[in-house]
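Visitor: There's a structure below that I have some questions on.
Just so it is clear, none of the values below were taken in a lab; they were calculated from the coordinates. Being a predicted model, the structure only gives us computed values, none of them experimental. We place every Cβ from the backbone using ideal geometry, glycine too, and count neighbours over all the protein chains shown.
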Amino acid sequence: DVKVTQSSRYLVKRTGEKVFLECVQDMDHENMFWYRQDPGLGLRLIYFSYDVKMKEKGDIPEGYSVSREKKERFSLILESASTNQTSMYLCASSWFVGDEQYFGPGTRLTVT
Amino acid sequence: QKEVEQDPGPLSVPEGAIVSLNCTYSNSAFQYFMWYRQYSRKGPELLMYTYSSGNKEDGRFTAQVDKSSKYISLFIRDSQPSDSATYLCAMSAESSARQLTFGSGTQLTVLP
């Protein structure tokens, strides 16, 4: 069974703080993704990575950066958290092109 | 106009009803079509996966793809309260590499 884990289920941070969200997958997947999910807007891709140290911007990369130093781990970084980054953050991984993605349980981040 | 449109609902049906969930899309290059189910406070999980046009059945669930109309459907027969969740359609084109485009999700409640 594929397992994708995320470091926190709930997180509360203050405006201006640096925030790290971590994701680990145990299936040796090449591709990893970070999304945010907001009511009425669905899932929006922030960044994805198709290999170690490789990354590509998704639809809404502004205000975020990522790091993939090891194949199994993909981190999302909010350099200076803002209230409009309050959201549910979902990590996912997959094997191949167009393949199904396996999701983690999500991190609900609140920035006050 | 969004690339993938999905009626957000909410949709409420009595137990045992047949449920029809739909998505329309504008990108004729989409080849891979998926349905995800997301329970409250959880990450999405893959329910159905189809390639190109046609039908696919799995137990009480049937996925249909009509590429000529750019329309996909998920049917749930004999719906159960445990089917209460948000259903997300997702699709990708070969040329888009590793990205899926998601609908915004339909919230379904099956009443006992």
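Visitor: From the residues B:ALA29, A:ILE46, A:SER8, which one has its Cα farthest along the dipole of the protein assembly as shown in the positive direction, the dipole being from +1 and -1 charges on Cβ of Lys/Arg and Asp/Glu about the Cα centre?
Guide: Of the listed residues, the answer is A:SER8.
Visitor: May I pose another question? In debye, nearest 20: dipole of segment B:3-57 around its Cα centre with unit charges on the Cβ of K, R (+) and D, E (-)?
Guide: So the magnitude is around 200 debye.
Visitor: Report the dimensions of chain B along its three principal axes from the alpha-carbon atoms, largest first, rounded to Å.
Guide: The principal-axis extents, from largest down, are 44, 28, 23 Å.
Visitor: Mind jotting down the distance between the C-alpha centroids of segment A:67-112 and segment B:47-102, whole Å?
Guide: Cα centroid to Cα centroid, the span is 24 Å.
Visitor: Taking the Cα centre of segment A:1-98 as origin, work out the dipole magnitude from +1 charges on Lys and Arg Cβ and -1 charges on Asp and Glu Cβ, in debye rounded to 20.
Guide: 280
Visitor: So what's the protein assembly as shown giving for Cα Rg divided by 2.2 N^0.38 Å, two decimals?
Guide: 1.02
Visitor: Using the Cα atoms as the points, what is the convex hull volume per residue of chain A in Å³?
Guide: Normalising the Cα hull of chain A by residue number yields 95 Å³.
Visitor: Then there's this: If you place +1 on the Cβ of every Lys and Arg and -1 on the Cβ of every Asp and Glu, how big does the dipole about the Cα centre of segment A:55-112 come out, in debye to the nearest 20?
Guide: Value, rounded to 20: 200 debye.
Visitor: Just A:LEU11, A:LEU41, A:LEU78 to compare: in a GNM of chain A, with alpha carbon springs under 10 Å, which one fluctuates most?
Guide: A:LEU41
Visitor: By average Cβ neighbour count within 10 Å, what is the ranking of A:20-32, B:82-94 from highest down?
Guide: Top of the packing list down: B:82-94, A:20-32.
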